[in-house]
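Just so it is clear, none of the values below were taken in a lab; they were calculated from the coordinates. Keep in mind it's a predicted model, so treat the numbers as computed, not measured. No Cβ is skipped: glycine too gets one built from the backbone with ideal geometry, and neighbour counts run over all protein chains shown.
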Amino acid sequence: MSHTPARRTVLLCTGAAALSAGCGGGGGDGDAPAASPGRELAPTSDIPVGGGKVFAEEKIVVTQPRQGEFKGFSAVCTHQNCLVSDVLDGTIDCACHGSRFSIADGSVEQGPATRPLPEERIAVEGNSVRLA
């Protein structure tokens, strides 16, 4: 069976268009909608100095290592992708296997995790911590 060049071109273009549409731009893992930039996470007063707060829905943890210094990190543990559970005594803690991360830079303070928590972009506007 022989196909004309015009038909072959149409089939190739249609397949390429379908493939690029299927692979395009969602940017997430499909589990949850992406957090909306600019949306308030919490008042700054909800983030204790020397501690922090886990925002499970957004998969973000916000810390305040020093008065007025706010940091954002992924709340997904780099060991086996559990959500971190608490921020206590200067560390971000994962209850799944005991990993602990620094509230200042997300570095590993206790394994089994070997990689730091990735930084997340946050912004402080007035008395509000927001997604950036």
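Pairs of alpha-carbon atoms within less than 8 angstrom and 6+ residues apart define the contacts here; what relative contact order does region 40-131 have, in percent?
28 percent
Efficiency by 1/(1 + (r/R0)^6): what FRET value for SER45 and LEU83, r their Cβ-Cβ distance, R0 = 25 Å, to the nearest 0.05? Before the final figure, lay out each step's value.
Numbers: r = 24 Å, r/R0 = 0.96.
So, using R0 = 25 Å, E works out to roughly 0.55.
Would you list ILE60, ILE122 from fewest to most Cβ contacts within 10 Å? Walk me through the numbers before you get to the answer.
Details: ILE60 21, ILE122 17.
In order of increasing Cβ crowding within 10 Å: ILE122, ILE60.
Neighbour counts of other C-beta atoms within 10 Å: give me VAL49, VAL62, VAL124 arranged from fewest to most. Could the numbers behind the result be given before it?
Values: VAL49 12, VAL62 27, VAL124 16.
Exposure proxy ranking, most exposed first: VAL49, VAL124, VAL62.
What ranking do ARG130, ARG121 get, fewest neighbouring Cβ atoms within 10 angstrom at the top? Write out the running numbers ahead of the final one.
On the way: ARG130 17, ARG121 10.
Taking fewest neighbouring Cβ atoms as first place, the list is ARG121, ARG130.
Around ARG115, under 14 Å between beta carbons, what's the net of Lys plus Arg minus Asp minus Glu among the other residues? Before the final figure, lay out each step's value.
Working: positive: ARG100; negative: ASP105, GLU109, GLU119.
That works out to -2.
With a point put 7 Å past each Cα toward its Cβ, work out how far HIS97 is from ALA123 in nm, to one decimal.
3.7 nm
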